[in-house]
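**Student:** The following block contains the structure, expressed as structure tokens.
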Amino acid sequence: MANPETAAVAINVLNKVIRYAVGLGVGASVLQTSLYNVDGGERAIVFDRFRGVLPEPVGEGTHFRIPWVQQPNIMDIRTRPRSISSVTGTKDLQMVNMSLRILSKPDEPRLPHIFKTLGMDWEERVLPSIGNEVVKAVVAQYNAEQLITQREKVSRAVRDALMARSADFGIVLEDVAITHLSFGTEFTRAVEAKQVAEQDAERAKFVVMKAEQERNAAVIKAEGESEAAKLISEATKTYGSGLIELRKIEAAKDVADTMSKSRNVVYLPNSGNMLMQINPN
């Protein structure tokens, strides 16, 4: 009789343990599905099956939700880069390829509205379209040459217009910059031809200036020689041939001084005697 009673007691205990274990498992599962985490740089937008999207985003940390009734959607609010390229026409009908680098993030207080109207992929839905729209509108106001010479002004106009346009969708742009600007092959050839022509013009201008300076130098030199000749003529009339004799002496002195420094010069006497200082008798 003891063995059946012991077995019955053991079965009752085992059944209670199983019931408690199942209860604890169900409770742990419910608790797990009732909690969710929001990491740094993220916000949660909660969708309630009865009330729809809740108006306030949920901040970082661990939060409670009603299982099956509420569903949290995690959205990244950190700044992210994106590149946009657009091919458009200028005011003088030149085709230009412009690339923009955009740093964007969602406006945190408007996250519920962004989630309802644009969804989780708000960046892909909005930025390419408004980027091309703004680039086409701004570039059409400038000539191709102005896009190069006034690049800072064009970049500022694109940035201001794009920031104002993105604000309508609840998107904050922290920076917009033009990273690439290129033109069609015809305009590129025209610019290169213009640069070559300008270089040729500068070279011709330099040649003309050089010739003008050489002509002026020749005129000044001729005037100086004429003035010198005039002064010499007047001095000769006044002082006779003494000035000419003085110039001859100075010239002979210079020649003698130059020849004395040369090693390849041999001095011979006027008499023609090759044996210097030897009596021929």
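**Student:** Within the stretch 168-205, take every residue that is among the small types (Gly, Ala, Ser) and either surrounded by 14 or more Cβ atoms within 10 Å (Cβ to Cβ) or under 26 Å from the mean Cα position of the chain (by Cα) (or both) and give me the one that is farthest from Pro128 (Cα to Cα).
**Tutor:** Residues of the stretch 168-205 that are among the small types (Gly, Ala, Ser), as a first pass: 170, 177, 182, 184, 190, 193, 197, 201, 204.
Checking which are either surrounded by 14 or more Cβ atoms within 10 Å (Cβ to Cβ) or under 26 Å from the mean Cα position of the chain (by Cα) (or both) leaves us with 170, 177, 182, 184, 190, 193.
Numbers: Gly170: 15, Ala177: 15, Ser182: 19, Gly184: 22, Ala190: 32, Ala193: 36 Å.
My answer is Ala193.
**Student:** Further, regarding this structure: Within the stretch 137-145, does at least one residue satisfy the condition of being acidic (Asp, Glu), over 19 Å from Arg82 (Cα atoms) and outside the structural domain of Arg110 (by the TED database)? Even if it seems obvious, please write down each step before you answer.
**Tutor:** First, the residues of the stretch 137-145 that are acidic (Asp, Glu): 145.
Imposing the further condition that a residue be over 19 Å from Arg82 (Cα atoms) reduces the set to 145.
Going one step further and asking which of them are outside the structural domain of Arg110 (by the TED database), we end up with none.
No - not one qualifying residue is present in the stretch 137-145.
**Student:** Could you run through the stretch 55-104 and say how many residues are part of a strand (DSSP E or B) and not hydrophobic (A, V, I, L, M, F, W, C)? Walk me through how you get there before you give the answer.
**Tutor:** As a first pass, look at the stretch 55-104 and keep what is part of a strand (DSSP E or B): 58, 61-64, 70-76, 80-89, 95-104.
Now drop any that are not not hydrophobic (A, V, I, L, M, F, W, C), which leaves 61-63, 70-73, 76, 80-83, 85-86, 88-89, 97, 99, 101, 104.
Number of matching residues: 20.
The values are calculated or read from the model by the stated rules, or taken from the named source; none is laboratory data. Note that the structure is predicted; figures quoted are calculated from it, not measured. Virtual Cβ from ideal backbone geometry, glycine too; neighbours counted across all protein chains shown.
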